[in-house]
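Worksheet: one structure, shown below.
Any read-out appearing in this document is the output of simple, stated calculations on the displayed coordinates, not a laboratory observation. Being a predicted model, the structure only gives us computed values, none of them experimental. Here the Cβ is made from the backbone with ideal geometry for all residues, glycine too, and neighbour counts use every protein chain on show.
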Amino acid sequence: MTQRTTTLPSTGVGKAPWKIVFPVVMLFFTATGCATLQSRQVPPVAEDREPLETRITQLERENSLLREQIENLKKTSGQEVEVLTRRLEKTQKTLDDTIREVVRARSRIQGMASAAEASAMFAEARVHLDRMREKAFNEQALGDFEIASAYLLSGKKEMESGNPGGAAFLFEIVSSIYAEFRNSNPDRVVVSVDSATLLKAPSSTSQKVGVLHRGEAATGLKILNEWMQIRTPSGQQGWLLRRHLH
């Protein structure tokens, strides 16, 4: 049998550090490399899965720690951020390679998921992605949305190429990302410059309605190109340049 090649779309590695957000995917692998998310476990069909399970857990933990360090350092030390970003790229590549291995393995095993089941999971994942699109405003949330979009597209390709098991696995990842996304305050944004002018409309010539200072938080309402409409805790609404927020 000819080995299939699975291509996962780019998940944003190499972009600004705060855009690098990775799915928390707890995988339980079988002896052939098959897996499912912990949030939707099925009884294992084989033993000898400890090495891969341990490796995935280690990668996820390292990714989480690196993201936290990058977020803390990005305003003070560009050199250290660059070093951590390179480490993060390496761990993400390893994680992506492992996911590809699972998808390929599922293409060789019958009964992992039917075409109808994969189609239902695809529909559910699309709903999750639509909700993320509506609610994502801060950098982490936008990064989550970007990664989930990549996995949804990859899952759709697997489904169309006759690998419903691999597609279902990728759609489960989307659902897992969405579960984390909902609890991350995706519409909370924070001013990242000393002062940011709040405008009545998304135009630099618009009427000034206020000023926000570094560290002040607000709620994102709408994105329009380089602008974001926000609401302050006092209820005041206006537009800010997106580059002044994170």
> Can you pick out the pairs among K200/K222; K135/K156; K90/K135; K135/K200 whose Cα atoms lie more than 25 Å from each other?
Replying inline: K90/K135
>> For q values of 0.16, 0.19 Å⁻¹, compute log₁₀ I(q)/I(0) with the Debye formula on a Cα-only model of the range 188-244, without solvent.
In response: -0.37, -0.54
> Roughly what percent of Cα-Cα pairs across the range 82-187 reach past 15 Å?
Replying inline: 63
>> Starting from 0.36 nm per residue, how many nanometres of slack lie between E180 and L65 once their C-alpha separation is accounted for?
In response: 39.8 nm
>> Could you check the spin-label model distance between V211 and E226? Points 7 Å from the Cα along Cα→Cβ, value in nm.
In response: 2.2
> For Q236 and R188 in the same chain, what is the full-extension length gain: residue separation times 0.36 nm, less their Cα-Cα distance, in nm?
Replying inline: 15.8 nm
